[in-house]
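Here's the structure we're looking at; comments come further down.
The values are calculated or read from the model by the stated rules, or taken from the named source; none is laboratory data. Keep in mind that what you see is a predicted model, and the values were worked out from it rather than measured. Here Cβ is always computed from backbone atoms with ideal geometry, including for glycine, and neighbour counts include all displayed protein chains. Quick note on the areas: whole protein, heavy atoms, side chains included, nothing else; ligands and nucleic acids left out. Shrake-Rupley method; radii C 1.70, N 1.55, O 1.52, S 1.80 Å.
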Amino acid sequence: MTGPLVETHGLSKHYGNLRAVEGLDLRLEEGEVYGFLGPNGSGKSTTILMILGLTEPTAGTVSVMGHDPTRNPTAVKRQVGYLPESVGFYGDLTGRQNLLYTAELNGIKRREAEGRVAGLLDTVQLHDAANQQVAHYSRGMRQRLGLADVLLKDPRLVILDDPTLGLDPAGIQWLLRLIEQMAHDQNISVFLSSHALEDVQRVCSRVGIMSQGKMVLEGTIEQLTAGQEGGGFEVQVEVDVTTDAVLTALRALPSVTRCEATGRVISVASTEDVRARIAETVLANGATPLEVRSRNRTLEEIYLRYFQPEEARA
Amino acid sequence: MTAIFWKELGDHLGRRRFLLTLFLIVVGVLWGLFILAREVDGSSVTSNEFLFLRTFTSSSGVLPPVLFYIGFFGPLIGIALGFDAINSERAQGTLSRLLAQPIHRDDVFNGKFLAGLVTLTIVLVAMILAIVGLAMFVMGYSPRSEEVVRLFGFGVLSVVYLAFWLALAMTCSIFFRNAVTSALVSLGLWLLSTFLIALLVAPALADLIVPAIETAQQKVDHANWQLWLSRISPSQLFNEAAQTLLNPDVRFTGVLGLERAAQFDRLEATPISASQSLQLVWPHITVVFSLAASLIAVSYTKFMREEIRS
């Protein structure tokens, strides 16, 4: 199939006066890892529910692999795996039994299902806990079981709603590796909603940023970071002691546009990469640079630019 | 849907809650046995009487008949099987995962309803068979074919009646997110239906409509109003229908007008056949059935278009 996996036109969802999603145009191609970003309440989850046919759009259209999720939800759900924001399992069943039930609901034959479940439990490193009741699982284990559950049906597209929420850093790293594996080795497209920006930046080929139900920015990471005003370089220098002499000298450097000190950390913005000059200048003025690190304009800054005003309002 | 059905059936039978159901069965059987013992002792028994049926319909001074027991406590089984059917899935977060699988939404409802229906059929059949079996053991002879037919009819009636309560409880489980609220509402309706309507609501309303009860006609009117008003309650319908099905001497349901009562007086009191009894209670069964069906329809419309948020 050549068309996009997911395509929406003017998709809107209103709850009374609240416009949860407004005029959303979204396009997801085969093989993409799409990061769907935005603060809480910006309409990410609602959009996902509409893609899956779990709620009906107020206006606009959704097409998932050519099917309308409201009219033909089973055709969509046969090929789309969905990990909800807070995934739940039957606590009185074991991890294995929960997965076998999902397999049965997907019409997978018992014998095939047992092999597949065992393999997936290995993949998500739950082999040892497979025969424990899910009621005794930790949050991270549930999340991993959720991923196995999603992969069980052998999906073409996986929709993950804020999967890093509540995971510890190691868990997040593991999850991201798994997402990369899914995308590269098994050619599964991924639609990932999140507010953990650093992570999304690492795995996503394209991101869209939502704010108050609207898509405010969309593109590849490079496109988004390149197009920022005041581009160029930003360097942070940690020094043993901040003196006025150092600051004055730094400001005097060519191509430096801004220089501010916060405690022992000095931020320097410049139009060129002047890290070596900065270190020299600090040393020459009687201070020791303990660390010099360059900060690219990250997604986070872009993100914050859109959401700071909103938080200030709140 | 079969996957959901089997899982739910296993859940029903394996859950601790099922012990309550078993307890109700055991008490019911003992209840029947006690009444049976009194009947046999009473030595008023002649061989042409329907002794097996009387196990269900006679009361023994202290204890009301077994059919009353089923009419009163049976709904609890239906409620126990259904009050948290949908809302517990929602609370556990399994509902959105379940509905993300390639199944239709009505499969979830249907699978759960069928599993509940099968469970309560098993329970009722077990209870009725146990009572009949023990009665055979005590009396030493087997039921006549007409008794078997009537008992079968009674079994079907009871299943329909409990299915109504199952549908009611499941409807509550869709409308109330909280399992406790759902259980309380179900139990409130249970009290209303089994108890309050017949004892308070219907008499009070009948008093309002027919304030003075002096002439014979007024008495009949009052009784008529009271009966028809109490027929709002499915429990009343069940009790009437069960009495009629199990007792061949019941030749009519409802209040007789003066003229018809006089006619009846002139007739000889002969038992009627099973098919005639069935004809008498057909409207009752139909009403309970359609009440259950409309509850299911209401649940459907709510559940099918609802937003499923995790």
Condition check for A:GLN125: part of a helix (DSSP H, G or I) and more than 9 Å from chain B (Cβ to nearest Cβ): no
Top-ranked residue of the range B:157-183 - restricted to ones that are farther than 18 Å from B:ALA297 by Cα and under 10 Å from the mean Cα position of the chain (by Cα), ranked as most open to solvent (accessible area, probe 1.4 Å): B:VAL159
Count of residues meeting criterion [among the hydroxyl-bearing types (Ser, Thr, Tyr) and assigned to a strand (DSSP E or B)] in the range A:236-257: 1
Selected residue (criterion: farthest from the other protein chains (Cβ to nearest Cβ)) from residues of the range A:83-100 that are open to solvent by 10 Å² or more (accessible area, probe 1.4 Å) and touching a strand residue (DSSP E or B) at 6+ places or on another chain (Cβ under 8 Å): A:THR94
A:THR74, sole failed condition from (1) open to solvent by 10 Å² or more (accessible area, probe 1.4 Å); (2) more than 10 Å from chain B (Cβ to nearest Cβ); (3) among the polar types (S, T, N, Q): (2)
Some residue of the range A:236-245 being modelled with pLDDT under 85, closer than 30 Å to A:GLY35 by Cα and of a type outside the set (Phe, Trp, Tyr): yes
Search result, residues across the range A:128-144 that are within 14 Å of another protein chain (Cβ to nearest Cβ) and either open to solvent by less than 10 Å² (accessible area, probe 1.4 Å) or not polar (S, T, N, Q) (or both): A:VAL134, A:ALA135, A:TYR137, A:ARG139, A:ARG142, A:GLN143
Top-ranked residue in the range A:269-279 [being surrounded by 13 or more Cβ atoms within 10 Å (Cβ to Cβ) and not hydroxyl-bearing (Ser, Thr, Tyr); ranked as farthest from A:VAL239 (Cα to Cα)]: A:ASP273
Subset of the range B:187-213 [of a type in the set (A, V, I, L, M, F, W, C), open to solvent by 20 Å² or more (accessible area, probe 1.4 Å) and not in a helix (DSSP H, G or I)]: B:ALA212, B:ILE213
Residue pairs meeting the criteria (Cβ under 9 Å; at least 6 apart or on separate chains; first on the phi > 0 side of the Ramachandran plot and more than 14 Å from chain A (Cβ to nearest Cβ), in the range B:294-310; second assigned to a helix (DSSP H, G or I) and β-branched (Val, Ile, Thr)): none
Helices (runs of 4 or more DSSP H) within the range B:214-310 that include 1 or more residues at pLDDT 80 or above: B:216-230, B:234-246, B:274-304
Residues satisfying the stated conditions in the range B:134-156, i.e. surrounded by 14 or more Cβ atoms within 10 Å (Cβ to Cβ) and part of a loop (DSSP other than H, G, I, E, B): B:PRO143, B:ARG144
Residue selected from the range A:34-55 under the condition out of contact with any Pro (no Cβ under 9 Å at 6 or more places or on another chain) and within 14 Å of chain B (Cβ to nearest Cβ), by the criterion most open to solvent (accessible area, probe 1.4 Å): A:ASN40
Positions within the range A:145-182 being in contact with a Gly (Cβ under 7 Å, 6 or more places away or on another chain), part of a helix (DSSP H, G or I) and more than 11 Å from chain B (Cβ to nearest Cβ), in sequence order: A:LEU151, A:GLY171
From A:GLU114, A:GLU85, residue being acidic (Asp, Glu), closer than 24 Å to B:ILE103 by Cα and not in a loop (DSSP other than H, G, I, E, B): A:GLU114
Residue among B:ILE131, B:ILE103 that is more than 23 Å from B:ALA37 (Cα to Cα), surrounded by 16 or more Cβ atoms within 10 Å (Cβ to Cβ) and either within 14 Å of chain A (Cβ to nearest Cβ) or of a type in the set (Val, Ile, Thr) (or both): B:ILE103
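Conditions tested, residue by residue: (1) under 25 Å from A:GLN186 (Cα atoms); (2) modelled with pLDDT of 90 or more.
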residue: A:GLU22; (1), (2): no, yes
residue: A:ASP25; (1), (2): no, yes
residue: A:LEU28; (1), (2): yes, yes
residue: A:PRO39; (1), (2): no, no
residue: A:SER42; (1), (2): no, no
residue: A:THR46; (1), (2): no, yes
residue: A:ILE51; (1), (2): yes, yes
residue: A:PRO57; (1), (2): no, yes
Helices (runs of 4 or more DSSP H) fully within the range B:1-107 counting 1 or more residues that are more than 30 Å from A:THR70 (Cβ to Cβ), out of contact with any Leu (no Cβ under 6 Å at 6 or more places or on another chain) and in contact (Cβ under 8 Å) with a residue 40 or more places away in the chain: B:2-14, B:17-41, B:51-57, B:66-82
Meets criteria (facing chain B (nearest Cβ under 10 Å), outside any strand (DSSP E or B) and buried (at least 20 other Cβ atoms within 10 Å of the Cβ)) for A:ALA103: yes
Filter result for A:VAL190 (hydrophobic (A, V, I, L, M, F, W, C), open to solvent by less than 10 Å² (accessible area, probe 1.4 Å), closer than 15 Å to A:VAL6 by Cβ and within 14 Å of chain B (Cβ to nearest Cβ)): no
Candidate set from the range B:6-17 (those that are more than 11 Å from chain A (Cβ to nearest Cβ) and open to solvent by 30 Å² or more (accessible area, probe 1.4 Å)); member that is modelled with the highest pLDDT: B:LEU13
Test: residue in the range B:139-160 that is in contact with a Leu (Cβ under 6 Å, 6 or more places away or on another chain) and more than 26 Å from B:SER273 (Cβ to Cβ): no
Condition broken by A:TYR15, with the remaining ones in (1) within 12 Å of another protein chain (Cβ to nearest Cβ); (2) in contact with a strand residue (DSSP E or B) (Cβ under 8 Å, 6 or more places away or on another chain); (3) hydroxyl-bearing (Ser, Thr, Tyr) satisfied: (2)
All positions within the range A:106-115 that are more than 14 Å from chain B (Cβ to nearest Cβ) and open to solvent by less than 70 Å² (accessible area, probe 1.4 Å): A:GLY115
Identity of the residue in the range B:77-95, more than 14 Å from chain A (Cβ to nearest Cβ) and among the aliphatic types (A, V, I, L, M), that ends up farthest from B:SER173 (Cα to Cα): B:ILE77
